[in-house]
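Written out below as structure tokens is the structure these notes cover.
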Amino acid sequence: DGGITQSPKYLFRKEGQNVTLSCEQNLNHDAMYWYRQDPGQGLRLIYYSQIVNDFQKGDIAEGYSVSREKKESFPLTVTSAQKNPTAFYLCASSIGTGGEDGYTFGSGTRLTVV
Amino acid sequence: LAKTTQPISMDSYEGQEVNITCSHNNIATNDYITWYQQFPSQGPRFIIQGYKTKVTNEVASLFIPADRKSSTLSLPRVSLSDTAVYYCLVGDTGSNRDDKIIFGKGTRLHILP
């Protein structure tokens, strides 16, 4: 089945550590996105990529980094510079770069700082 | 950048029809209107998308008036499993991704038995 796979589902990080969240899609979608969701809140855009080897900052990119070396993969690294990283992270993809055909989301990774 | 406004929460009963309205006064010519459903600890799921008039699929209908400044998601005969957060999104259909699509806080729909 085609879709987006995020791993791990739960992740615990010690303060000062970098962690990388995985996002893989087999939908042949050009665009991929990372969102952050805090309890009771909407989704906030961290980074997005329209094409391989290119990506753009979203609204809350500070403390995060991404890469897009392959069309299928868009990993997100939460660095130690992100002061409040505990949140639910969602990866999405879309056929078109404007999301006009809708986004497909992964099942999310819940990151907790311990 | 088209901002959307939705009710924060709604309650309804099983078997009823539920209508959730979204305001988007600054919608642009190229913008589509898309609705998503999100259950706790899951990613949002695409429900329906439209540009104008009425769109219907197997799960919902979307009503868009001629001025496109609002839209209404209609869920027929809801069940307890329809309890979720519903997001209304307005976004550019073009290739210029600078006009970012924004997820607001959505509408928390609670279905009662």
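Any read-out appearing in this document is the output of simple, stated calculations on the displayed coordinates, not a laboratory observation. Everything numeric here is computed off the predicted structure, so don't read it as measured data. Backbone-built Cβ (ideal geometry, glycine too); neighbour counts: all protein chains shown.
Laid out as a table, the results:
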read-out	value
The range B:45-60 - phi-based ³J(HN,Hα) in whole Hz, Karplus 6.51/-1.76/1.60, Gly and Pro as x	10, 4, 9, 7, 9, x, 10, 7, 6, 10, 10, 9, 10, 6, 10, 7
Cβ-placed point charges (K, R +1; D, E -1), dipole of the protein assembly as shown about Cα centre in debye, nearest 20	460
Using alpha carbons only: equivalent-ellipsoid semi-axes of chain B, gyration tensor based, whole Å	24, 15, 12
Mean separation of Cα contacts under 8 Å, 6 or more apart, over the residue count of chain B: relative contact order %	36
In order through the range B:23-38: 3J(HN,Hα) via Karplus (6.51 cos²θ - 1.76 cosθ + 1.60), integer Hz, x for Gly, Pro	9, 8, 4, 9, 4, 9, 4, 8, 7, 9, 10, 10, 10, 10, 10, 10
Calculated Rg and Dmax of the protein assembly as shown using C-alpha coordinates, Å	17.6, 53
At 1.567 mPa s and 4 °C, Stokes diffusion of chain A via Kirkwood alpha-carbon radius, µm² per second	93
